[in-house]
Structures are given as structure tokens and as C-alpha cells.
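The values are calculated or read from the model by the stated rules, or taken from the named source; none is laboratory data. This structure is a prediction, so every number in the text was calculated from the model and none was measured. Note: ideal-geometry Cβ built from the backbone for every residue, glycine included; neighbour counts use all protein chains shown. The area values use the complete protein model at the heavy-atom level, side chains included, leaving out ligands, DNA and RNA. Shrake-Rupley method; radii C 1.70, N 1.55, O 1.52, S 1.80 Å.
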Amino acid sequence: MKILISFAGGTDPVAANAYDGPMMHIVRHYRPDKVLLLLTAEMERLAGIDNRYERAVNWLSESLGFECLVESRMTGIENAHDFDAFQGLVNSEIRPFI
């Protein structure tokens, strides 16, 4: 089973000029069975508007003809630049997949 664990960023799901953002590029080329999206507070707000990350992965996987389960985790992290803020995620969200 291939699992993509990714932090959604400001260029996800689509970057400038309608190019794939990093997450979508990986999904398109590696076709994971599951995507676990970790969302900072800012990305949570954007996802809350239109569910953009899950909708984009679902659309792409359906278009390419493969199954991909998408899960989003709201981290509540306000300062995405602060690496220490992500320390607890290793044990709570990422370690179960290792």
C-alpha cells in the first residue's frame, strides 16, 4: 500500500497558471492508495470553504482510474514556519503509518 503523508500548502491543490501543486503532482505520478493531509490552521480555513484538497484528489484519482482514500487532519497549527510546532504530529499522526 502506498500512502502519501503531506502537509497541504498555499500552492495546493493547484499552483499558478493551473499547474499541479506539489501534492497533486505526487498523486498524479505515484498514484497512492491513501493520502493523509495534515492541515495548518490557515489551510483548515481554506479547506472549510470548499473542501478543495479532498475534492481535487478525488477528481484526479477518478479521472486517472485509480482508487485513493483521502483523510484530512486538522492540526490547528498557526505558525507553519515553526518546526517545533509539528513535533507532536510524528507520534500522533505519522508514526501509525510507519
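Just one of the listed residues (L46, L38) is touching a Lys or Arg at 6+ places or on another chain (Cβ under 6 Å) and either surrounded by 11 or more Cβ atoms within 10 Å (Cβ to Cβ) or in a helix (DSSP H, G or I) (or both), and it is L38. Residues considered: I77, I94. Of these, the only one that is among the hydrophobic types (A, V, I, L, M, F, W, C) and either under 14 Å from the mean Cα position of the chain (by Cα) or assigned to a helix (DSSP H, G or I) (or both) is I94. If you go through the range 60-69 and keep only what is open to solvent by 30 Å² or more (accessible area, probe 1.4 Å) and touching a residue at least 12 places away in the same chain (Cβ under 8 Å), you end up with L64, F66, E67, L69. Restricting the first member to the range 47-59 and to residues that are under 14 Å from K34 (Cβ atoms), and the second to residues that are open to solvent by less than 50 Å² (accessible area, probe 1.4 Å) and of a type outside the set (A, V, I, L, M), the beta-carbon pairs closer than 8 Å and six or more apart or on different chains are Y53/D12; Y53/P13; Y53/S72; E54/S72; V57/P13; V57/C68; N58/C68.
Just name the residue that is nearest to I49 (Cα to Cα) out of those in the range 1-31 that are within 10 Å of the chain's Cα centre (by Cα) and assigned to a strand (DSSP E or B). Per the stated criteria, the residue is F7. Listed by first and then second residue, the pairs linking a residue in the range 70-89 that is on the phi > 0 side of the Ramachandran plot and open to solvent by less than 80 Å² (accessible area, probe 1.4 Å) to a residue that is at pLDDT 85 or above and among the small types (G, A, S), with Cβ atoms under 8 Å apart and 6 or more places separating them unless they lie on different chains, are G76/A41.
Mind listing whichever residues of the range 3-48 are among the polar types (S, T, N, Q) and at positive phi? Walk me through it before giving the result.
Start the filter on the range 3-48 by keeping residues that are among the polar types (S, T, N, Q), which leaves 6, 11, 17, 40.
Within the range 3-48, just N17 meets the criteria.
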